1. Could you give the size of the charge dipole of the stretch 27-71 about its Cα centre, using +1 on the Cβ of each K and R and -1 on the Cβ of each D and E, expressed in debye and rounded to the nearest 20?
2. Mind jotting down the three principal axis lengths of the stretch 27-71 based on Cα atoms? Whole angstrom, largest first.
3. Where does each of 48-56, 64-72 land if you order them by average Cβ count within 10 Å, highest first?
Amino acid sequence: MTRRSKKPLFEPGLIPAPGGLLGWRDARHFDRWQELPCMLCDTDTRMRSHDGEPVHKTCAESWIAANPVEARLGRCASDIQPRRRHDDDHA
């Protein structure tokens, strides 16, 4: 069963440039109940993409670097970053 036809579990953010790192800080990327085979390397993982697909973060980053055109479709993306408040500058 594939989730590509459905809405993402939560809203993805920006897609990093090839060679860049994904910002996956949201706890919804981690499934503490079930390990499934990574969609890219077939090794078990508890990590999930925004669509709920099982994928290691490093596998997703490597895939983005190897497939920059297809990566723009948003299969693997960073989390939406919260907006900075103007009064949180501690410098």
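None of the figures in this text is laboratory data; all of them are computed from the coordinates on show. Here the structure is a predicted model, which means the values were calculated and not measured. Quick reminder, even Gly has a Cβ in these numbers, built from the backbone with ideal geometry, and neighbours come from all protein chains shown.
1. Approximately 220 debye in magnitude.
2. The Cα atoms of the stretch 27-71 stretch 33, 20, 13 Å along the principal axes, largest first.
3. Result, highest mean Cβ count within 10 Å first: 48-56, 64-72.
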